[in-house]
Amino acid sequence: MKLLYLGTAAAEGIPGVFCSCSICRTAREKKGKDIRTRSQALVDGKILFDFPPDTYAHYIASGFTDFDLPAIRRLFITHSHQDHFYLQDLHLRKPIFTHPPIEILHIYGNQRVEQKLLNLQEKEQVIPYCEFHYAKPFEPIDAEGYRITPFPALHDQQEECLFYAVEHEGKSLLYAHDTGVFPDSVWDYIAKINQRFDLVSLDCTTIMDKDGGNHMGISDDIDVRERLVSIGGADKKTIFVLNHFSHNGRLNHDELCRIAVKEGFTAAYDGMTIEV
Ligand SMILES: [Zn+2]
Ligand SMILES: [Zn+2]
Ligand SMILES: [Zn+2]
């Protein structure tokens, strides 16, 4: 499987939409890997994770090859926060904006995501082209030859936030954003089914600061990796990637890479691909 990181920032982006802190100022000067758009990832060009406001920019930046947005049929939403589910652009699936032939976009998510879809302006013109499916924690979903399992995240308590495991042809990856340290039910499930991951992408929003209750920083990621290895969910061959960064984590890309490598992690950047 090939995981393409289309965007790697938290909600505000780097540089932040309205921010002039030193991290954002440096990003504006250096550009390149210091520029981070809101988080979104794609597995093998088919399974899309999240729909941030930068989805259209990702589509343009991809050169229309790696990310063929009109052809995407499966969209898995982690939760309804604006940086993961930017509803307004789904409105553009209505016929005046999108000429046929257009196929159904299957959207998987929690009940808050469904509610937002049902509240969409002119929804009767959009709904025929989007089919919602409730993603229930620990109930695997088969789509396009992939098995996707939703896990409950430790994030906004106002909704059932999710993160996802993907299995395909004997390989497996875990895409864990946004979440704090995994709830006990997740650890129990991974241990019970003997799941081992080839690739683990961990939330690292707070980078230098410990969190664990809503997001994670590098020290939380070290703890999660240790626990995952201890229950057989990962081993020496597993690739661990850090992703979903905030300027409040206080590191630009080069400094982040230096610390990440020292701790045995890969720091994601916009456009990075990892293959397992
Ligand atoms: Zn987020
Ligand atoms: Zn900033
Ligand atoms: Zn969030």
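Read-outs throughout are calculated quantities, based only on the coordinates presented, and are distinct from any laboratory measurement. Since we're looking at a predicted model, the values are computed, not measured. Glycine also receives a Cβ, built like all others from the backbone with ideal geometry; neighbour counts cover every protein chain displayed.
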task = Among the residues of segment 154-181, write down those that are farther than 19 Å from Arg196 by Cα and either hydroxyl-bearing (Ser, Thr, Tyr) or within 12 Å of ligand 1 (Cβ to nearest atom) (or both).
result = His155, Asp156, Cys161, Asp178, Thr179
message = Among the residues in segment 58-77, are any away from ligand 1 (no atom under 16 Å from the Cβ), polar (S, T, N, Q) and closer than 20 Å to Pro140 by Cβ?
response = no
inquiry  = Taking the criterion of being within 23 Å of Ala61 (Cβ to Cβ) and touching a residue at least 12 places away in the same chain (Cβ under 8 Å), would at least one residue in segment 207-228 satisfy it?
reply    = no
query = Can you name the residue in segment 212-246 that is more than 21 Å from Ala191 (Cβ to Cβ) and within 16 Å of ligand 3 (Cβ to nearest atom) and, of all such residues, is surrounded by the fewest Cβ atoms within 10 Å (Cβ to Cβ)?
reply = Gly213
Residue count for segment 1-42, restricted to those that are under 15 Å from the mean Cα position of the chain (by Cα), touching a residue at least 40 places away in the same chain (Cβ under 8 Å) and more than 16 Å from ligand 3 (Cβ to nearest atom) = 5
ask   = What number of residues within segment 50-68 are assigned to a helix (DSSP H, G or I), surrounded by fewer than 22 Cβ atoms within 10 Å (Cβ to Cβ) and in contact (Cβ under 8 Å) with a residue 12 or more places away in the chain?
value = 3
task = Would you please list the contacts, defined by Cβ atoms under 9 Å and residues six or more apart or on different chains, that run from a residue in segment 172-185 that is over 24 Å from Asp142 (Cβ atoms) to a residue that is part of a strand (DSSP E or B) and within 12 Å of ligand 1 (Cβ to nearest atom)?
result = Asp178/Phe163; Asp178/Asp203; Gly180/Asp203
query = Looking at Asp235, is it of a type in the set (Asp, Glu) and within 20 Å of the chain's Cα centre (by Cα)?
reply = no
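Just checking, which of Asp156, Asp209 is within 16 Å of ligand 2 (Cβ to nearest atom), closer than 20 Å to His81 by Cβ and surrounded by fewer than 18 Cβ atoms within 10 Å (Cβ to Cβ)?
After applying the criteria, what remains is Asp209.
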ask   = Has segment 42-49 got at least one residue that is in a helix (DSSP H, G or I) and surrounded by 13 or more Cβ atoms within 10 Å (Cβ to Cβ)?
value = no
task = Sort out which residues of segment 19-41 are away from ligand 2 (no atom under 12 Å from the Cβ), crowded, with 21+ Cβ neighbours inside 10 Å and among the small types (Gly, Ala, Ser), and write them in order of number.
result = Ser39, Ala41
note = Considering segment 1-18, residues that are surrounded by fewer than 20 Cβ atoms within 10 Å (Cβ to Cβ) and within 11 Å of Asn248 (Cα to Cα), and then whichever is farthest from ligand 2 (Cβ to nearest atom), we arrive at Glu12
task = Name the single residue, out of those in segment 163-202 being assigned to a helix (DSSP H, G or I) and among the charged types (D, E, K, R), that is surrounded by the fewest Cβ atoms within 10 Å (Cβ to Cβ).
result = Asp184
ask   = Can you pull out the residues in segment 212-252 that are more than 16 Å from ligand 2 (Cβ to nearest atom), assigned to a helix (DSSP H, G or I), within 17 Å of Thr8 (Cα to Cα) and not hydrophobic (A, V, I, L, M, F, W, C)?
value = Asp221
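For segment 66-102, which positions are polar (S, T, N, Q) and touching a Gly at 6+ places or on another chain (Cβ under 9 Å)?
Within segment 66-102, Thr78, Ser80 meet the criteria.
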